[in-house]
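Notes to accompany the following structure.
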Amino acid sequence: MNNSTYQLDDFALTLPISQTARITAQQFANQQPNPEKAEQVRLNTLAVWVVNDYLQMMDIPTALQASDSWNPIMRLCGDVADLEVPSIGRLECRPVHLHQQICSIPPETWEERVGYLIVQFDESLEEARLLGFIPSVATETVPLAQLQPLEAFIDHIWELRQSPVNSLVNLSQWFAGIFETGWETIESLWNVPELMPTYAFRSVETLELDTLKQPESITKRAKVIDLGIQIHNQPVMLIVEISPEKDQQTSIHLQLHAAGNQIYLPPGVHLTVIDSSGAVFLDAQSRKSDNYIQLQFRGEPTEEFSVRVALDNTSITEYFRI
């Protein structure tokens, strides 16, 4: 026990908690239905804020407002303390109290996370200690003695940046006929039995991205979005269409379609574009009887953005460079 405490003290990093952070955490806590939930949200918010400050210090871009922890519905429905890191994924920032030797990790955070940072708080909530990190979990509790130092966390982030799994989709290469794995033609996806029923009876007017009537300058690909636990047990299909503009910009048209034997998207599905600074740029939400939702915008060469598909506590993010 003493040896574990010594090791934690040896590589922990102490950071101040700003008044703005405490005010924001209290505002989020005030929106909760009971004191227990309020305290959970308060500490989760502070943990995310502290990790965000740390990553900013390390010149690692973050997308705080795009995180589930900054979404009021997600905060209410789940125990989430995630921080979106563009081009990498989501970190989970779990709070622990002083003298606590075990950290609780909710099962709902075991997937779609690229690592877990543990943040320790005392009763004053004036400063916090980043104790360390663990790359993955499969149990509801993690002994703090198992944490790796922050130096290992930075190495972990660097490896994720270099990983082909987390690389950006390079849209400029699409014009040259070079496509990343997983992005298929719409025609090829029509031939997948699980996806065919939705499109087989859909009119050309409904499916605006009719592949047979597009100019040659337009390039498009589709990807079936698998959320692990798929939306209402059905997949959805993200279609990305790009075309060059005269001013060297690229026009980008996104559509999210119901797929399989599902005619309509479930109400409340979000299709969100997040810019390189982490701010929400565009957002569309499905209503009752929507079989697709769409967004359209333009971008400059080398500009980066991400596209997020979300419903309730489930989401997935794709990263792009023009």
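Kindly provide the set of residues from the stretch 113-151 that are closer than 13 Å to VAL96 by Cα and among the polar types (S, T, N, Q), ordered by number. Those that are closer than 13 Å to VAL96 by Cα and among the polar types (S, T, N, Q): GLN120, THR141. If you go through the stretch 27-42, how many residues are out of contact with any Phe, Trp or Tyr (no Cβ under 9 Å at 6 or more places or on another chain) and within 29 Å of LEU147 (Cα to Cα)? Qualifying residue count for the region: 5. Within the bounds of the stretch 61-81, is there any residue that is farther than 18 Å from ILE274 by Cβ, modelled with pLDDT of 95 or more and touching a Lys or Arg at 6+ places or on another chain (Cβ under 8 Å)? Yes - at least one qualifying residue is present in the stretch 61-81.
Within the stretch 69-76, identify whether any single residue is of a type in the set (Val, Ile, Thr) and surrounded by 15 or more Cβ atoms within 10 Å (Cβ to Cβ), and answer yes or no. The answer is no; no qualifying residue exists.
Scanning the stretch 285-303 for residues that are surrounded by 18 or more Cβ atoms within 10 Å (Cβ to Cβ) and in a strand (DSSP E or B) turns up TYR292, ILE293, GLY299.
Would you call LEU160 modelled with pLDDT of 90 or more and surrounded by 13 or more Cβ atoms within 10 Å (Cβ to Cβ)? Against the criterion (modelled with pLDDT of 90 or more and surrounded by 13 or more Cβ atoms within 10 Å (Cβ to Cβ)), LEU160 does not qualify.
The values are calculated or read from the model by the stated rules, or taken from the named source; none is laboratory data. Small disclaimer: the values here were computed from a predicted structure and weren't measured. Methodologically, a virtual Cβ is constructed for each residue, glycine included, from the backbone with ideal geometry; neighbour enumeration extends over all protein chains shown.
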